[in-house]
Amino acid sequence: MMRHAVVIGVLAIAVASVRAQMPPARDTTQSVAPPTGTGALSGIVKDNDDNPVRRCIITITGDMRLARMTVADDDGRFSFTDLPSGRFTITAKKAGYPEMSYGAKRPFRTGSGVFLQEGQQLRDIALTLARGAAMSGTVYDDHGQPMPGVPVMAWEIRTSLGGMRTLDYPASGTETVFTDDRGMYRVYGLPPGDYTIGTSWYSNALGPEMRVPTDAEIRAAFLTDAPAPTSGAPMPPPPDTRRYNYSAVFSPGVLDPLSAATFALAAGDERSSVDLRMQFVQMSGIEGTVVAPDGAPVPIQLTITRRSPVQALNISSVRSTTAGVPFNSGSLSPDTYTVMAEVAESPGRPAMWAMSDVIVGGSTPTAVALVLQPAPTVSGRLVFDGSLPPPADLSRISVSLRTNGPGRVGVPGAIDAAGNVSIKGVIPGPYTMFASLPTSATPSAPTWRVRSIVVDGQDVTDRSFDIGAGGASGLVITFTDQVSELSGSLTLPSGAPATDYFVIAIPADRTYWIPFSRRIASTRPDRAGRYLFRGLPPGDYRIALTTDLVSRDLQEVSALEQLAAQSVPVTLTTGEKRTLDLRPGSGG
C-alpha cells in the first residue's frame with residue numbers, strides 16, 4: 001500500500017450549471033416519513049451591501065431524502081428545528097437573485113453544506129444573495145418596426161467536452177420572456193457569466209408561413225369585373241409557391257449562433273439596448289420517399305434532426321410512416337439536417353435503416369430518396385478473468401452502445417446464458433460501448449468490473465470508435481474481479497477533518513474526456529474526512545478538490561481544465577488499493 005501526503009489549494013470552478021428554480025420535491029412514492037431529530041440550524045440572508053434579503057425562500061436538503069422549506073422574515077432570518085444528524089445543503093433564492101447555497105462560491109451550485117451532529121444547534125449561518133444581472137432591448141422586424149410577442153432567452157456561452165465553443169441553456173433555467181406591445185423584453189436574475197441574446201424557438205420558424213402573391217394575383221384580387229380571357233391570350237404566370245417566415249436569430253440579428261455578439265455580465269450588471277433584428281427568410285423543407293429493397297410497405301419510424309453545431313438547438317421531429325409513401329417535413333429553416341428511417345426487427349425481417357444528410361435552403365424543398373438496408377449487428381462474447389466464479393445470471397449484465405449522432409442515444413444488447421453478446425439494429429456511425437453489472441448492496445463486496453473492451457482486435461475501452469455498414473463480430477468484453485481503489489483522508493491545516501469538499505478524478509489522457517466517461521468521477525468525504533473511489537479503471541489520473549461542483553461540470557472541458565490545473569497526479573494499476581491523503585486550503 002502506498003501513502004502520500006499532498007497539499008491542494010481550494011479551487012472554484014468558473015462555470016455555471018443549470019438547476020431548476022424550484023425547491024426540492026418530496027418523493028410521494030416513499031411511504032417512510034423523512035427522519036427527524038433534535039438538531040437545529042438558523043441563520044440570516046443578506047445582499048452584497050449587507051442589507052437583509054426579506055422574504056426569500058430557504059430550503060434544506062439532507063441525507064435520507066429529507067427536504068424542507070421556509071421563508072425568511074423581514075430581517076432575513078430563518079431557522080429549522082427537529083433535524084436529524086447528517087450533511088445538509090442550505091439554499092436561498094428570491095426573484096431577481098440567482099439561487100445561492102451555503103458554502104458555494106457561485107450561484108446555482110451545491111456548495112459545501114454543513115454536517116450536523118445529533119442534537120447540535122448551529123446558529124449564525126450566513127448566506128449572501130447577490131442581485132442578478134439583467135439584459136434588455138427591443139426586437140425589430142426586417143423593416144425596423146417593433147415586434148410584440150417574440151420569445152427571447154439569454155443563452156450562456158460554454159465550451160463543450162470536445163473543446164468547441166457552444167451555446168447552452170442558462171444556469172438560471174430555460175426561462176423565456178416575450179416582448180411586450182412595444183417589442184421590448186427584459187431578462188433578469190442572471191448569474192455572472194458570458195451570454196448572448198437570441199430567440200428561444202429551436203427548430204422551425206415563428207408563426208404561420210407566408211406566400212408572396214404574384215402581380216397577376218394582386219390585380220385579379222382587386223379587379224372583380226375583369227373581362228374573361230380571350231382565346232389565344234397568354235396564360236398568367238403560375239403562383240409563386242415560395243414561402244417565407246421569421247427565422248430564429250441571435251444578437252444583433254444573425255442566423256449563426258456561434259457568430260452572435262457576446263456579453264460578459266457581473267453580478268447586478270444592467271445591459272440595455274441589446275436589440276435583435278428579425279430576418280424574414282425563405283423557408284424550405286425536405287420531401288421524398290423511403291423504400292424497402294423488396295418494395296414491401298413496411299412501417300417506418302422517420303426522424304428529421306437539425307445538425308447545428310450548437311447541440312441545444314438540435315431537436316428532432318419523429319413520425320410514423322410507411323415505405324413507399326411520400327413524406328414531407330413541413331417548413332424548415334435553412335440549415336443542415338439528417339433524415340433517418342428505421343424499421344424494427346420482426347419475424348422474417350431484420351431491422352433496417354437508411355440515412356442521409358440534407359442541406360435545406362433554396363426555393364424548393366430538398367428531395368431525398370432513401371433505400372432501406374439491413375442494420376448491422378455487433379456480436380461477441382463475455383470473458384471473466386479472476387478468482388471469483390462468474391455471475392450465475394448473465395442476463396443481469398448490461399451491455400449497450402451510446403452515440404451522440406442522430407437516432408437512438410443508446411442501443412442495448414442481449415446476452416444469452418453462455419455469455420454470447422448480440423447488439424442488433426445498429427446504425428453505422430461513432431459509438432462508445434458500456435458494460436456493467438448491477439451494483440452490490442454492499443459497496444465493498446467483491447464484484448466484477450470491465451477491464452477491457454475489444455472490437456475486431458481494436459481496444460475501444462472507454463473510447464469512441466466507428467461501426468461500419470458491415471457491423472462487427474469480434475467483440476470481447478473482459479471483466480475482472482481485481483477492482484482498484486483510491487482512498488484517503490482530507491485534513492485541514494488545523495488537523496480537523498475537511499468535509500466541505502468534492503474530490504474529483506480526471507484522466508490525464510484527454511482521449512478519455514468523453515461524455516459519461518467512467519474515468520471522470522467525483523465523491524465527497526464522510527464526516528471523518530475519508531473519501532473513496534472504487535472501481536476506477538487502471539491508468540494515470542489527476543486528483544482535484546473544490547467546494548463548488550455540479551454534475552454538468554464533469555461534461556464541460558473548461559471546468560475539467562481548471563480542475564486539472566490545480567491537481568495532483570496519481571497512477572492506478574489493476575486491483576491496486578492506493579491511499580492518497582490530501583490537505584486542502586493551505587495555499588500550497
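Coordinate-derived values only; no laboratory data. Just so we're clear, the structure is a prediction, and the values are computed from it rather than from any experiment. Note that each Cβ is placed from the backbone with ideal geometry, even for glycine, and that neighbours are counted across all protein chains shown.
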Given 452-460, 117-125, the highest-first ranking by average Cβ count within 10 Å works out to 452-460, 117-125
If every Lys and Arg gets +1 and every Asp and Glu gets -1 at its Cβ, then about the Cα centre the range 32-128 yields a dipole, in debye to the nearest 20, of 340 debye
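Quote the charge dipole size of the range 287-374 about the Cα centre in Debye, to the nearest 20; the model charges only the Cβ of Lys and Arg (+1) and of Asp and Glu (-1). Don't skip to the answer; put the middle values down first.
Numbers: 4 positive and 6 negative charges, 26 e Å.
With Lys and Arg at +1 and Asp and Glu at -1, about 120 debye.
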If unit charges are put on Cβ atoms (+1 for Lys and Arg, -1 for Asp and Glu) and the dipole of the range 287-374 is taken about its Cα centre, the option from Ser308, Thr289, Gly361 lying farthest towards the positive end turns out to be Ser308
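Do you know the relative contact order of the range 434-588, to the nearest whole percent, from alpha carbon pairs under 8 angstrom that are 6+ apart? Intermediate results must be reported in sequence, preceding the final value.
On the way: 293 pairs, mean separation 40.5, N = 155.
Relative CO of the range 434-588 lands at 26 percent.
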Applied in sequence order to the range 255-269, the curve 6.51 cos²θ - 1.76 cosθ + 1.60 (Karplus, θ = phi - 60°) yields integer Hz couplings, x standing for Gly and Pro, of 7, 7, x, 7, 9, 6, 5, 10, 9, 8, 10, 9, 4, x, 4
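Given 20 °C and 1.002 mPa s, compute D for the range 481-588 with the Stokes-Einstein relation, Rh being the Kirkwood radius over Cα pairs; round to the nearest whole µm²/s.
Numbers: Rh = 14.1 Å.
Rounded, D is 152 µm²/s.
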One would report the Cα pair-distance distribution of the range 325-431, bin width 5 Å, in %, as 2, 9, 16, 17, 14, 12, 9, 6, 5, 3, 2, 1, 0, 0
Computed ³J(HN,Hα) along the range 180-194: with the Karplus parameters 6.51/-1.76/1.60, θ = phi - 60°, integer Hz and x for glycine or proline, the list is 7, 5, 9, x, 9, 9, 8, 9, 9, x, 8, x, x, x, 9
For the range 63-182, whose charge dipole is built from +1 on Lys and Arg Cβ atoms and -1 on Asp and Glu Cβ atoms, the candidate among Thr176, Met147, Phe88 with its Cα farthest towards the positive end is Phe88
For the range 485-584, percent of DSSP beta bridges that are antiparallel (nearest 5) comes out at 85 percent
Any residue on another chain or 5+ positions along whose placed amide H is under 5 Å from the amide H of Phe479 is listed here as Val383, Phe384, Asp385, Arg451
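Taking the highest mean first, how do the peptides 181-193, 283-295 order by number of other beta carbon atoms within 10 angstrom per residue?
181-193, 283-295
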Sorted by chain and number, the residues with a modelled amide H under 5 Å from that of Arg131, at a separation of 5 or more or across chains, are Asn48
Amide H neighbours of Gly529 at under 5 Å, excluding residues fewer than 5 places away on the same chain, with H built from the backbone geometry, are none
Scalar couplings 3J(HN,Hα) for the range 151-159 by Karplus 6.51 cos²θ - 1.76 cosθ + 1.60 (θ = phi - 60°), nearest whole Hz, x for Gly and Pro, are x, 10, 9, 8, 8, 8, 7, 9, 10
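Rank the residues Thr176, Thr110, Thr403 as a footprinting-exposure proxy: fewest other Cβ atoms within 10 Å of their Cβ go first.
Details: Thr176 14, Thr110 21, Thr403 18.
The most exposed by this proxy come first: Thr176, Thr403, Thr110.
For a footprinting-style exposure proxy, rank Arg55, Arg307 by other Cβ within 10 Å, fewest first. The partial results should precede the final answer.
Working: Arg55 12, Arg307 15.
By the 10 Å Cβ count, ascending: Arg55, Arg307.
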The Cα extents of the range 32-128 along the principal axes, largest first and rounded to whole Å, are 39, 24, 20
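Tell me, Ser317, Ser200, Ser247, Ser387 in order of fewest to most beta-carbon neighbours within 10 Å? Before the final figure, lay out the partial values.
Working: Ser317 15, Ser200 18, Ser247 21, Ser387 8.
Lowest count first: Ser387, Ser317, Ser200, Ser247.
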